[in-house]
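K.L.:
Dropping a structure here in C-alpha cells format, bear with me for questions.
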Amino acid sequence: MKHTLALLVVNQPGVMARIAGLYSRRGYNINSIAVGETEDPKVSRITLVVEAEAAHELEQITKQLYKLVDVIKISDITLDDSVERELALIKVKSSSANRSEILQIVDIFRAKIVDVSRSAVIIEVTGTQDKVEAIIALLKPFGLVEIARTGKVALVRSAVRA
Amino acid sequence: MKLTGAQILVECLKEEGVEVLFGYPGGKVLSIYDALYQDDFSHIINRHEQGAVHAADGYARATGRPGVCLATSGPGATNLVTGLATAYMDSVPVIAFTGQVPTTLLGRDTFQEADITGITMPITKHNYLVRDVADLPRVIKEAFHIATTGRPGPVLIDLPSDISDGKTRFRYPEKVSLPGYKPTYNGNFKQIKAMASALRKAEKPVLYVGGGTTISGAEQELLELAEKTQIPVVTTLMGMAAFPSSHRLALGMLGMHGTVAANYAVTECDLLVAIGARFDDRVTGKVETFAPQAKIVQIDIDPAEIGKNVPVDIPIVGDIKKVLTDLLPLVTPGDTGAWLAKTGAWKEKYALSYERNEKYIAPQEVLEILSELTKGEAIICTEVGQHQMWVAQYYQFTKARSFLTSGGLGTMGYGLPAAIGAQIGRPNQLVINVAGDGSLQMNIQELATIAAYRLPVKVILLNNSYLGMVRQWQEHFYAKRYAGTFLENPDFIKLAEAYGIKGFLLNEREKIKDVLAEALAVSGPVLVECRVNPEENVFPMVPPNGAINQMMGVMES
Ligand SMILES: Cc1ncc(C[n+]2csc(CCOP(=O)(O)OP(=O)(O)O)c2C)c(N)n1
Ligand SMILES: [Mg+2]
C-alpha cells in the first residue's frame, strides 16, 4: 500500500541525500519525493510517497527516518483529511488537425496549455495523483514527448500542524 | 582574540575533556598538527589511519569516554572507513576529524579529495562538512553530544583546509540545539509495570543481555535483577563482560557458537527479556524457531531496534540503567526453582569442552589458563575468527568494559589497535590482545606504535596457520576444500623482535602455564606465539540459518 509521509527536516545541505540513501540502503521504495522551504526558513518540508506492505514495515521506515539527526517530525497523513496536489508538465505531439481534441481534454481537467509549437504543446496540470495519471492516459494516444512531474505535496486540512 | 579553526579544534577538545588524540598527519591537516604541537596536546601517531580509529574505539570501549581520531583528506579519510563502520555497528562513541581540500576546490577532483561525508553517511551516526569557520565550535559541541548520548555512535567532522586556517572569535557554546535529536531515557512506567508483572508470572524466564547493558553502565542493576528474581542469564558476544561469567545464573553466550544451556534455555523459555540486545542473526539463527514459546520484552534506547527482527510483546524504550532502576523495586523473588534446576542440569551436562591432544596445544586450554592466571580481570581485546569465539567461551569475565571485540562488523585487525587505545585509556590495567595469525597481520604495523609508546600490551597469538574460522566452514560445508585459507606465515617472534617487542614461543602443552606466566610478568609489551592445533574447530555450532537448539559438535560430560 502507498503511504504519504509529511516530514519536517532541518534545512541543511545533504538532508535529501541522507533520506534517499537510507531508503535505498534499507531496501525500501520511494514513489515520489518533493521538498521545499516552509514558513520557517530553517525548516524544509518533504512529502514522501512510499510503498509499504505490512504495518511493521512502515513502522521500521519511520523509526529509521527518525534516527536521522536532521529529521524533526514525521507524520503519516495517508488517512488524514488532507489536500494533496501534484503538478505535471506534459509535452504532447500535436498538429493543427488534432489540437482542438487536445484542448477539449485540457478543458475537462481544468489544465492549461502553456506552450505551443508547430508539432507539440506543453500542458500544465495540477491535481491529485489520480487526476494527473488520468490526463496522461488520455493524452497518450497523441504521442507523449516528455513529462516532468513534481511528486506529491500535501497539507492536512485542520488548523493544527502535522 | 581571534583563533584559527585549527586552534579552535584544540580548544574544543580541551573543553570536552579529551586527553588524547589518535591520528596520522598529511597535507590537509598540517595546520591542525601545528596547533596540537604548539599546544603540546597529547597525541598518538598510529602507523595507519585504521589503527588510529580502532585505537579511538578501543579507548572508548575501555573507558566509556569518547575516543577521538584525526586523519588527512583523501586516502587518510578513506582509511578510516572500516573503523567507523566497526564503531557504528557496536555503538561506540568515536569522533573522527578529517582534513579536506579547501572549500574553493571542493567537488573538482582536487588532489587527495574524497567525498568522505558522502562515503560515511551510512556508517556514522551523523557527519558534518564544515563550510564556515564560525560554525566550528557549534559543530564540535554537537558532534560530542550526538556521539555520546542516546545510542552512542561515531560522528565524523570534515574540515576543509581553509576552515582550519580561517580565523574567528572563539566561544564554546554551552548548549546544543538539535530539534531533531531527542533520545528517550526514561522508560514508560506502565510498560515497566507490565514487565514486572510478566516477570512474576513467568515460570521459565530468561534474561538475554547485550552490549547496551555495558554502554548504559547497568551491570550492577542487572546483577541485582538476576539475583533478586533468580532468572538465568544468557549473553551476546557484546554482552559477555556485563555479567560475571562464573555466576551461578550465567548460562554463557547464546547463538551460533553459544552454549547448549543458553540455546536450550532460550528455545524453551516462556519469557525472554532482551536487555540492550538486538536479535542479530548470529544470535537468533532461524528467526521462526527463536524463542518460539516466549513472550518477549525488549528494553532498548533506540526505538528502531524494537521489533526490528522479532515481534515484541512488551517494548520499553529507554536507558537500561534507568529502566532497571525503576523496575527493581517492583520485582519480587520468583519461583524459578524448577527452571533453574533444568537449566543448571544442561549447564553441567553440556559444559563446554574440547579434546586434549598429545601432539598439539588446544587453543581453548591456552585461554582457560590465561583466564586463571589473570583471574578474569584483564582487559581482553580480540581480533576476529575462531580465537575470538574461544575467548568468549573460555575467558571468565569478571569486570565491565573488559571485553573489546568487533561484534557487529566482525573486523579482522581490530584487536591490536584497540588494545593500544585501551592501554592508553586505562594505563594501570593489564591489556591483552588475543589474536589469530590472519587477523594480526591486518594491522601488524601497530606493533610499532606499541613499541614507540612503550605500551605494555600483551599479544597472545593463537597461530593455527589458517584463517581458521573460514577453514572451519570449508571443512563442514565445502567438503574440506581449503580454498585460500592456508597461510604461509612470517616468523612472528623475529617480527616482534624487529619491532623491539619481546617474543615468546609456546609449542609444548606442558609449558602453557609457565610461558604465559613469564610473558605476563614482563613489564613491557610481549608477543606470545602459541602454535595451536591447526584443525581445531569452534563447537558447538549452529549451522547457518538453523534453529539454535540444533547444534553440531555437542559433547556430553
Ligand atoms: C577484514 C576482514 N576480512 C575478512 C574477514 C572474514 N574472516 C572472518 S574470520 C576469518 C579468519 C581469521 O583468521 P585468523 O585471524 O587466523 O583467526 P582464526 O579463525 O584462525 O582463529 C576471516 C578471513 C573478516 N572477518 N574481516
Ligand atoms: Mg588463524
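K.L.:
Answer yes if at least one residue in segment B:392-413 is farther than 22 Å from B:GLY67 by Cβ, aromatic (Phe, Trp, Tyr) and not assigned by TED's automatic domain parsing to the domain that holds B:ALA250, and no otherwise.
P.N.:
Within segment B:392-413, one or more residues are farther than 22 Å from B:GLY67 by Cβ, aromatic (Phe, Trp, Tyr) and not assigned by TED's automatic domain parsing to the domain that holds B:ALA250.
K.L.:
Also: Out of the residues in segment B:308-330 that are over 23 Å from the mean Cα position of the chain (by Cα) and acidic (Asp, Glu), which is nearest to the other protein chains (Cβ to nearest Cβ)?
P.N.:
Result: B:ASP313.
K.L.:
Could I ask something else about it? Picking from B:LEU416, B:LEU352, B:LEU409, which residue would you name as being more than 14 Å from chain A (Cβ to nearest Cβ), away from ligand 1 (no atom under 16 Å from the Cβ) and either under 16 Å from the mean Cα position of the chain (by Cα) or surrounded by fewer than 23 Cβ atoms within 10 Å (Cβ to Cβ) (or both)?
P.N.:
After applying the criteria, what remains is B:LEU352.
K.L.:
Could you grab me the full set of residues in segment A:66-84 that are part of a strand (DSSP E or B) and open to solvent by 60 Å² or more (accessible area, probe 1.4 Å)?
P.N.:
A:LYS73, A:ASP76
K.L.:
Follow-up. Report, ordered by the first and then the second residue, all pairs with beta carbons closer than 7 Å, sequence separation of six or more or different chains, a first member in segment B:296-307 that is within 13 Å of chain A (Cβ to nearest Cβ), and a second member that is surrounded by 24 or more Cβ atoms within 10 Å (Cβ to Cβ) and among the acidic types (Asp, Glu).
P.N.:
B:ILE301/B:ASP319; B:ILE306/B:ASP300
K.L.:
Checking the conditions here, which among B:PRO544, B:PRO540 is within 23 Å of B:GLY410 (Cα to Cα) and either over 25 Å from the mean Cα position of the chain (by Cα) or away from ligand 1 (no atom under 14 Å from the Cβ) (or both)? Write out each step before concluding.
P.N.:
Details: B:PRO544 fails: either over 25 Å from the mean Cα position of the chain (by Cα) or away from ligand 1 (no atom under 14 Å from the Cβ) (or both).
After ruling out the rest, the residue left standing is B:PRO540.
K.L.:
What is the one condition in (1) in the same structural domain as B:GLU446 (by TED's automatic domain parsing); (2) open to solvent by 30 Å² or more (accessible area, probe 1.4 Å) that B:LEU340 does not satisfy?
P.N.:
(1)
K.L.:
For segment B:60-89, name all the residues that are in a helix (DSSP H, G or I) and within 24 Å of B:GLY166 (Cα to Cα).
P.N.:
Taking segment B:60-89 as the starting set, the residues that turn out to be in a helix (DSSP H, G or I) are B:60-63, B:75-78, B:81-89.
Those that are in a helix (DSSP H, G or I) and within 24 Å of B:GLY166 (Cα to Cα): B:PRO75, B:GLY76, B:ALA77.
K.L.:
Report, by residue number, each residue of segment B:379-399 that is away from ligand 1 (no atom under 16 Å from the Cβ) and surrounded by fewer than 23 Cβ atoms within 10 Å (Cβ to Cβ). Can you show your working first?
P.N.:
Residues of segment B:379-399 away from ligand 1 (no atom under 16 Å from the Cβ): B:379, B:396-399.
Result: B:GLN396, B:THR398, B:LYS399.
K.L.:
Test of understanding: among B:ILE493, B:ILE460, which residue is away from chain A (no Cβ under 14 Å), more than 16 Å from ligand 2 (Cβ to nearest atom) and of a type in the set (A, V, I, L, M, F, W, C)?
P.N.:
Among B:ILE493, B:ILE460, only B:ILE493 is away from chain A (no Cβ under 14 Å), more than 16 Å from ligand 2 (Cβ to nearest atom) and of a type in the set (A, V, I, L, M, F, W, C).
Results for (1) within 24 Å of B:SER371 (Cα to Cα); (2) surrounded by 24 or more Cβ atoms within 10 Å (Cβ to Cβ); (3) over 26 Å from the mean Cα position of the chain (by Cα), shown as yes or no for each residue.
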position: B:LEU430; (1), (2), (3): yes, no, no
position: B:ASP437; (1), (2), (3): yes, yes, no
position: B:GLN441; (1), (2), (3): no, no, no
position: B:ARG454; (1), (2), (3): no, no, no
position: B:GLU475; (1), (2), (3): no, no, yes
position: B:ALA483; (1), (2), (3): no, no, yes
position: B:ASP491; (1), (2), (3): no, no, yes
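K.L.:
If we only count strands (runs of 3 or more DSSP E) wholly inside segment A:90-162, which ones have 3 or more residues that are crowded, with 17+ Cβ neighbours inside 10 Å and at pLDDT 95 or above?
P.N.:
A:120-127
K.L.:
So, in segment B:285-295, of the ones that are more than 14 Å from chain A (Cβ to nearest Cβ) and touching a helix residue (DSSP H, G or I) at 6+ places or on another chain (Cβ under 9 Å), which residue ends up surrounded by the most Cβ atoms within 10 Å (Cβ to Cβ)? So that I can check it myself, show each step before the final result.
P.N.:
From segment B:285-295, those more than 14 Å from chain A (Cβ to nearest Cβ) are B:285-286, B:288-295; that's our starting set.
Restricting the remaining residues to those that are touching a helix residue (DSSP H, G or I) at 6+ places or on another chain (Cβ under 9 Å) gives B:285, B:289-295.
Numbers: B:GLY285: 26, B:THR289: 15, B:PHE290: 24, B:ALA291: 24, B:PRO292: 12, B:GLN293: 11, B:ALA294: 22, B:LYS295: 17.
That would be B:GLY285.
K.L.:
Give, as residue ranges, the helices (runs of 4 or more DSSP H) completely inside segment B:206-281 that count at least 3 residues that are open to solvent by less than 10 Å² (accessible area, probe 1.4 Å).
P.N.:
On the way: elements: B:212-216, B:219-229, B:260-268.
Fully inside segment B:206-281 and qualifying: B:219-229, B:260-268.
K.L.:
Anything in segment B:315-336 that is farther than 20 Å from B:LEU223 by Cβ and modelled with pLDDT of 95 or more? List them, or say none.
P.N.:
B:PRO315, B:VAL317
K.L.:
Let me ask something else. Can we say B:ARG426 is within 13 Å of ligand 2 (Cβ to nearest atom) and modelled with pLDDT of 95 or more?
P.N.:
no
K.L.:
Now for a separate question. Just name the residue that is farthest from the other protein chains (Cβ to nearest Cβ) out of those in segment A:6-30 that are without any contact (Cβ under 8 Å) to a residue 12 or more places away in the chain and assigned to a helix (DSSP H, G or I).
P.N.:
Filtering first and then ranking leaves A:SER24.
K.L.:
Okay, next question. Can you list residue pairs whose Cβ atoms sit under 7 Å apart, with the first residue in segment B:476-488 being without any contact (Cβ under 8 Å) to a residue 12 or more places away in the chain and the second being within 14 Å of ligand 1 (Cβ to nearest atom)? Count only pairs 6 or more apart in sequence or on different chains.
P.N.:
Correct list of pairs: B:LYS480/B:GLN474; B:ARG481/B:GLN474; B:ALA483/B:GLN474.
K.L.:
Between a residue in segment B:314-328 that is closer than 8 Å to B:ASN186 by Cα and any residue that is charged (D, E, K, R) and part of a helix (DSSP H, G or I), which pairs come within a Cβ distance under 6 Å, given they are 6 or more apart or on different chains?
P.N.:
Close Cβ pairs satisfying both conditions: none exist.
K.L.:
Next question. Of the residues that make up segment B:360-376, is at least one open to solvent by 10 Å² or more (accessible area, probe 1.4 Å), more than 16 Å from ligand 2 (Cβ to nearest atom), over 24 Å from B:LEU520 (Cα atoms) and of a type in the set (A, V, I, L, M)?
P.N.:
No, segment B:360-376 contains no residue that is open to solvent by 10 Å² or more (accessible area, probe 1.4 Å), more than 16 Å from ligand 2 (Cβ to nearest atom), over 24 Å from B:LEU520 (Cα atoms) and of a type in the set (A, V, I, L, M).
K.L.:
OK, next. The conditions are (1) over 28 Å from B:THR104 (Cα atoms); (2) open to solvent by less than 20 Å² (accessible area, probe 1.4 Å); (3) free of Cβ contacts under 8 Å to residues at least 60 places away in the same chain; (4) of a type in the set (A, V, I, L, M, F, W, C), and B:PHE41 fails exactly one of them. Which is it?
P.N.:
The one condition B:PHE41 does not meet is (2).
K.L.:
Within segment B:425-445, can one find any residue that is within 20 Å of B:VAL538 (Cα to Cα) and charged (D, E, K, R)? Give the derivation first.
P.N.:
If we filter segment B:425-445 for residues that are within 20 Å of B:VAL538 (Cα to Cα), which is where we start, we get B:433-440.
Pick out the ones that are also charged (D, E, K, R) and you get B:437.
The answer is yes; a qualifying residue exists.
The values are calculated or read from the model by the stated rules, or taken from the named source; none is laboratory data. Because the structure is predicted, anything quoted here is derived from the model rather than measured. For neighbour counting, all protein chains shown are included, and Cβ atoms are generated from backbone atoms with ideal geometry for every residue, glycine included. Heads up: the accessible areas ignore ligands, DNA and RNA and are worked out on the full protein's heavy atoms, side chains in. Shrake-Rupley method; radii C 1.70, N 1.55, O 1.52, S 1.80 Å.
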